[in-house]
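The values are calculated or read from the model by the stated rules, or taken from the named source; none is laboratory data. Not measured: the values here are computed from a predicted model. Glycine gets a Cβ as well: all are built from the backbone with ideal geometry, and neighbour counts include every protein chain shown. To get the accessible areas, we keep the full protein, side chains included, count just its heavy atoms, and leave off ligands, DNA and RNA. Shrake-Rupley method; radii C 1.70, N 1.55, O 1.52, S 1.80 Å.
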Amino acid sequence: DTGVSQNPRHKITKRGQNVTFRCDPISEHNRLYWYRQTLGQGPEFLTYFQNEAQLEKSRLLSDRFSAERPKGSFSTLEIQRTEQGDSAMYLCASSLSLLAKNIQYFGAGTRLSVL
Amino acid sequence: GIQVEQSPPDLILQEGANSTLRCNFSDSVNNLQWFHQNPWGQLINLFYIPSGTKQNGRLSATTVATERYSLLYISSSQTTDSGVYFCVTKDMRFGAGTRLTVKP
């Protein structure tokens, strides 16, 4: 068990460029979550998957954001036409959801800076 | 959605002191968790505690679901306890956190 892995750890991009982040969850975890965290705030939920199905999306997830989990294992989060307001830490978490119990384990995050 | 309020927002302690952090939530929950975010940003799950009391070393947590609050107790605090403590409800909603600073 290597934990939740996120790549890259840091990304610097120019406004208007597209970026893609990857998250590898703990193996056999059926749920995968994406959050965004800005300085001094708590993480904000963006979306989550159960296996390959995207079950919920926050209103924070504008149409420039898209997430996939094609085979129910790793996930990607893409941001198109980045804006300076997209600068944040993007966190991924995974869990093994059993009945009501759902303990989340977080990766170290990808820090995005949009210049 | 469920509203989550944490108090106090900031707490400064001398090493060795005890503290209590509180989380109030606006509706019934069945998946209350406490996390610690260390100064490097890593979030670590401390407790999954939808109800009752659990203890893990110097930390313990109690959730009274009928009264919609949870408490996190830290005893004999250490400098490594510094960071931000979050409670999280079943709809993945984080509170604003309590920022704890433990001074040597």
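According to the Cα-based calculation, Rg over Rh for region B:23-104 is 0.96, with Rh computed by the Kirkwood formula. When the surface is traced with a 1.4 Å probe over the full set of protein chains, residue B:12 keeps roughly 110 Å² accessible.
Output the pairs from A:11/B:103; A:14/A:57; A:71/B:54; A:57/B:54; B:54/B:90 with a Cα-Cα distance over 30 Å in this structure; if there are none, say none. As for pairs spanning more than 30 Å Cα to Cα, those are A:11/B:103; A:71/B:54; A:57/B:54. Using the Cα coordinates of chain A, the gyration tensor eigenvalues translate into equivalent-ellipsoid semi-axes of 23, 14, 13 Å, sorted from longest to shortest. Shown here for region A:11-53: GluC sites (Glu not before Pro) in loop regions (DSSP other than H, G, I, E, B) with at most 14 other Cβ atoms within 10 Å, namely A:28, A:52. Residue A:9 exposes around 120 Å² of accessible area when a 1.4 Å probe is run over every protein chain in place.
Please state, as a whole number in µm²/s, the translational diffusion coefficient that the Stokes-Einstein equation yields for the protein assembly as shown at 10 °C and 1.306 mPa s, with Rh defined as the Kirkwood radius across alpha carbon pairs. Walk me through the numbers before you get to the answer.
Values: Rh = 18.0 Å.
Rounded, D is 88 µm²/s.
Projecting the Cα atoms of A:3, A:17, A:97 onto the charge dipole of chain A (Cβ charges, centred on the Cα centre) puts A:17 farthest toward the positive pole. Taking the Cα centre of region B:21-104 as reference, the dipole from Cβ charges on Lys and Arg (+1) and Asp and Glu (-1) amounts to some 140 debye.
Ranking of B:35, A:45 by solvent-accessible surface, largest first: A:45, B:35 (1.4 Å probe, protein heavy atoms only, all chains present).
Rg then Dmax, both in Å and based on the Cα atoms of region B:53-98: 11.9, 34.
Which value, in Å² rounded to 10, gives the accessible area of residue B:75 with a 1.4 Å probe and all protein chains present? Result for residue B:75: roughly 40 Å² accessible.
With only Cα atoms counted, region B:21-63 has Rg and Dmax values of 11.3, 32 Å.
Taken one residue at a time, the phi angles of region A:67-74 give Karplus couplings (6.51, -1.76, 1.60, θ = phi - 60°) of 10, 9, 9, x, 10, x, 10, 6 Hz. Gly and Pro are set to x. Residue-wise, which Karplus ³J(HN,Hα) couplings in Hz belong to region A:4-14, taking 6.51 cos²θ - 1.76 cosθ + 1.60, θ = phi - 60°, and x for glycine or proline? Karplus-based 3J(HN,Hα) across region A:4-14 equals 7, 10, 10, 9, x, 7, 9, 9, 10, 9, 8 Hz. Residues in region A:46-55 carry Karplus couplings, in order, of 10, 6, 8, 10, 10, 6, 9, 8, 7, 8 Hz; the curve used is 6.51 cos²θ - 1.76 cosθ + 1.60 with θ = phi - 60°, and Gly or Pro positions show x.
Given +1 at the Cβ of Lys and Arg, -1 at the Cβ of Asp and Glu and no other charges, the dipole of the protein assembly as shown around its Cα centre is 320 debye to the nearest 20.
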